[in-house]
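The values are calculated or read from the model by the stated rules, or taken from the named source; none is laboratory data. As the structure is a prediction and not an experimental result, all values here were calculated from the model. Counting neighbours? That spans all protein chains shown, and the Cβs are built from the backbone with ideal geometry, glycine included.
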Amino acid sequence: MRTMKDVHDETCAVACCAEIIGAKWTALLIHDLSEGPRRFSELEHSCPGISPRTLSERLRLLEQEGLVIRRSYSETPPRVEYELTDKGASLLPIIKAMSDFGHSWLVPEHDHSHDLASAG
């Protein structure tokens, strides 16, 4: 007996989640933000190859989805930080599962033990 939906559309929870977390760079950004607030430049540095435009778009999408909050500080120079909301933090078990899978099946030769503690 089939328990999954016949069609993976906007009423499918897995499809809706995959649409957000499956976008390139999104899982890495959520992982980086799991360690606390980050500035744009810190996120840009942690994801080599991401363009400023793409990073800006991803952060805006995560903000629109209620996963990330953007805080602006009126300082000189101006400072902007991004931080996970409670909704965003609820994705961390998925990120942890991805990390565990990667360690077990994809990159077992490199010691990422420090990553596991920060991902969960």
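D6 passes all but one of (1) modelled with pLDDT of 95 or more; (2) acidic (D, E); (3) over 24 Å from A97 (Cα atoms); which number fails?
The one condition D6 does not meet is (1).
Within the stretch 36-54, count every residue that is over 11 Å from Y82 (Cα atoms) and surrounded by 12 or more Cβ atoms within 10 Å (Cβ to Cβ).
6
Which of the residues spanning the stretch 30-56 are touching a residue at least 40 places away in the same chain (Cβ under 8 Å), closer than 23 Å to P78 by Cβ and assigned to a helix (DSSP H, G or I)?
Selection gives L33, F40.
Can you name the residue in the stretch 55-67 that is surrounded by 15 or more Cβ atoms within 10 Å (Cβ to Cβ) and under 12 Å from F40 (Cβ atoms) and, of all such residues, is farthest from the chain's Cα centre (by Cα)?
L55
Any chance the stretch 70-92 includes a residue that's touching a Ser or Thr at 6+ places or on another chain (Cβ under 6 Å), assigned to a strand (DSSP E or B), without any contact (Cβ under 8 Å) to a residue 40 or more places away in the chain and of a type outside the set (D, E)?
Checking the stretch 70-92: not a single residue is touching a Ser or Thr at 6+ places or on another chain (Cβ under 6 Å), assigned to a strand (DSSP E or B), without any contact (Cβ under 8 Å) to a residue 40 or more places away in the chain and of a type outside the set (D, E).
Any residue at all in the stretch 1-15 that is acidic (D, E) and not in a loop (DSSP other than H, G, I, E, B)?
no
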